[in-house]
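> Below you'll find the structure I mean.
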């Protein structure tokens, strides 16, 4: 019972706390933006904080782990206007990716390709197969803050200090052609991984200029 009460409280407070925290940030956006185009947003698990605030209430479908902590995340992101699909690149992943591909007909998607448990900043192949199946481009996202706390967790989860300056960066889209096979798909996976690492290095260094 205590666990359910705690989950309920965190679920209720989570979106409100994140909204209040996010509104205190001074966020600068860099990139052309993909308004009006359906895409697959790719972001590292550890960079979610700023990004789920910035892209809230845009009707995005998001793939969330079927691990126990995924239930809490599901309820929080629903409170921010996201449409969660449960699954991952490991446990329940095929089901989740299939549902995402079905939903892709009308919405943009968001995936943490190194989630739900790592390895950190290593792209799992599911997102590449999803892009190939749906025909949607993958848009890598980066985010950081001038003043930030990086937790000693597997993903190095980044939490911006309240009232800090922050930055969100959208990289150019990566397309995955339908006729690609094993080796070429692996090249696309590696390219996305390099782009995500670079765009987040750029975000981390943005305020040191």
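> Could you check residue 100 against (1) at pLDDT below 75; (2) surrounded by fewer than 23 Cβ atoms within 10 Å (Cβ to Cβ) and say which number it fails?
For residue 100, the exception is condition (2).
> Now a separate question. Among the residues of the range 119-142 satisfying the criterion of being farther than 20 Å from residue 185 by Cα and surrounded by 15 or more Cβ atoms within 10 Å (Cβ to Cβ), which is nearest to the chain's Cα centre (by Cα)?
By that ranking, first place goes to 141.
The values are calculated or read from the model by the stated rules, or taken from the named source; none is laboratory data. Please read all numbers here as calculations on a predicted model, not as lab measurements. Positions of Cβ are generated from backbone atoms using ideal geometry, with glycine treated the same way; all protein chains shown enter the neighbour counts.
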